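A.B. asks: Input: one structure, supplied below.
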Amino acid sequence: CLDSVTHVGCWAHARRKWVECFVDGKPVQGSRSEAAFHLIEEMFSLEQAWKDLSPEARFTLRQEKLRPLLDNYWKLLDSFEAAEGTALSKAKTYSLNQKQALNAVLLDGRLELTNNLAERTVKPFVMARKNFLFSDTAKGADASALCFSVIETAKHNGLDPFGYLLFLLQELPKLGENPTEEQLVPLLPWAESLPEYCKLK
């Protein structure tokens with residue numbers, strides 16, 4: 001299971017490092033980079049087939065089918081040396097440095113192989129970063145980040161961000177300065193008890 005400090009690696013980034021070993025955009029047949037790349041591609045293929053399954057089912061399948069691929073991947077990386085400074089060395093070093101984080105996907109069926117969703121979600125805010133110069137204190141920046149997180153989480157749970165924020169602004173003051181976890185649960189964006197005006201039509 002996960003705790004609050006679990007770091008999850010991105011297999012898309014690991015794969016990208018092997019692609020940088022390709023020649024003219026194609027893997028060198030029989031090369032170490034080709035073998036590593038194809039193992040990661042197998043992982044993504046399995047995950048695509050499981051994308052509509054429950055987290056519990058994905059967890060079980062990952063232990064049965066994904067774990068052996070991961071074991072083979074790390075055995076492959078341990079089986080060869082690469083000249084320092086080469087693309088092959090950089091690809092191998094990246095994965096080995098991220099080994100624990102990359103393996104973390106086995107811990108919970110809710111986790112994804114990549115952080116692509118997070119990157120796409122944050123992109124609008126990255127593009128608007130000049131506007132954030134007006135957050136001229138750490139407290140203001142924290143408040144902005146909190147608002148952005150709430151808005152994007154609402155969107156990913158099928159909520160109307162305006163309606164959901166309105167709901168929170170009405171309900172949170174009623175809970176006082178230090179609400180308990182039990183009090184906050186009904187206000188979370190995936191709570192079934194949210195009023196209809198919070199939901200997208």
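A.B. asks: Could you tell me which numbered condition ALA36 fails, if it satisfies all but one of (1) part of a helix (DSSP H, G or I); (2) under 14 Å from ALA12 (Cα atoms); (3) under 21 Å from the mean Cα position of the chain (by Cα)?
C.D. replies: (3)
A.B. asks: If you go through segment 7-20 one residue at a time, do you hit one that is free of Cβ contacts under 8 Å to residues at least 24 places away in the same chain and either on the phi > 0 side of the Ramachandran plot or exposed (fewer than 12 other Cβ atoms within 10 Å of the Cβ) (or both)?
C.D. replies: No, because not a single residue in segment 7-20 is free of Cβ contacts under 8 Å to residues at least 24 places away in the same chain and either on the phi > 0 side of the Ramachandran plot or exposed (fewer than 12 other Cβ atoms within 10 Å of the Cβ) (or both).
A.B. asks: Out of everything in segment 174-201 that is of a type in the set (Lys, Arg) and not in a helix (DSSP H, G or I), what residue ends up being surrounded by the fewest Cβ atoms within 10 Å (Cβ to Cβ)?
C.D. replies: Among them, the one singled out is LYS201.
A.B. asks: How many residues, within segment 155-164, are touching a Cys at 6+ places or on another chain (Cβ under 8 Å), assigned to a helix (DSSP H, G or I) and among the hydrophobic types (A, V, I, L, M, F, W, C)? Reasoning before the result, please.
C.D. replies: Residues of segment 155-164 touching a Cys at 6+ places or on another chain (Cβ under 8 Å): 159-160, 163-164.
Subset that is assigned to a helix (DSSP H, G or I): 163-164.
Retained after the next criterion (residues that are among the hydrophobic types (A, V, I, L, M, F, W, C)): none.
The number of residues fulfilling the criteria is 0.
A.B. asks: Test LEU53 against the stated conditions and say whether it is part of a loop (DSSP other than H, G, I, E, B), modelled with pLDDT of 90 or more and of a type in the set (A, V, I, L, M).
C.D. replies: Spelling it out, LEU53 is indeed part of a loop (DSSP other than H, G, I, E, B), modelled with pLDDT of 90 or more and of a type in the set (A, V, I, L, M).
A.B. asks: Within segment 109-116, is even one residue at pLDDT below 85 and part of a helix (DSSP H, G or I)?
C.D. replies: yes
A.B. asks: Please determine whether any residue of segment 66-84 is surrounded by fewer than 17 Cβ atoms within 10 Å (Cβ to Cβ), polar (S, T, N, Q) and within 22 Å of the chain's Cα centre (by Cα).
C.D. replies: Taking every residue of segment 66-84 in turn, none turns out to be surrounded by fewer than 17 Cβ atoms within 10 Å (Cβ to Cβ), polar (S, T, N, Q) and within 22 Å of the chain's Cα centre (by Cα).
A.B. asks: Moving on. Any idea which of (1) modelled with pLDDT of 95 or more; (2) within 18 Å of the chain's Cα centre (by Cα); (3) of a type in the set (D, E, K, R) is the one GLU42 doesn't satisfy?
C.D. replies: Unmet for GLU42, out of (1) modelled with pLDDT of 95 or more; (2) within 18 Å of the chain's Cα centre (by Cα); (3) of a type in the set (D, E, K, R): (2).
A.B. asks: Can you tell me how many residues in segment 80-108 are closer than 28 Å to LEU53 by Cα and either part of a helix (DSSP H, G or I) or without any contact (Cβ under 8 Å) to a residue 12 or more places away in the chain (or both)? Walk me through it before giving the result.
C.D. replies: Taking segment 80-108 and keeping what is closer than 28 Å to LEU53 by Cα, we get 95, 98-108.
Subsequent filtering for residues that are either part of a helix (DSSP H, G or I) or without any contact (Cβ under 8 Å) to a residue 12 or more places away in the chain (or both) retains 95, 99-107.
So the count comes out to 10.
Matching residues to (1) touching a residue at least 24 places away in the same chain (Cβ under 8 Å); (2) in contact with a strand residue (DSSP E or B) (Cβ under 9 Å, 6 or more places away or on another chain):
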{"site": "ASP142", "(1), (2)": "no, no"}
{"site": "LYS155", "(1), (2)": "no, no"}
{"site": "GLY158", "(1), (2)": "yes, yes"}
{"site": "LEU166", "(1), (2)": "yes, no"}
{"site": "LEU169", "(1), (2)": "no, no"}
{"site": "LEU175", "(1), (2)": "no, no"}
{"site": "GLU181", "(1), (2)": "no, no"}
{"site": "LEU184", "(1), (2)": "no, no"}
{"site": "SER193", "(1), (2)": "no, no"}
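The values are calculated or read from the model by the stated rules, or taken from the named source; none is laboratory data. Since this is a predicted model, take the numbers as computed values, not measurements. A quick note on method: Cβ atoms are made from the backbone with ideal geometry, for glycine too, and the neighbour counts reach across all protein chains shown.
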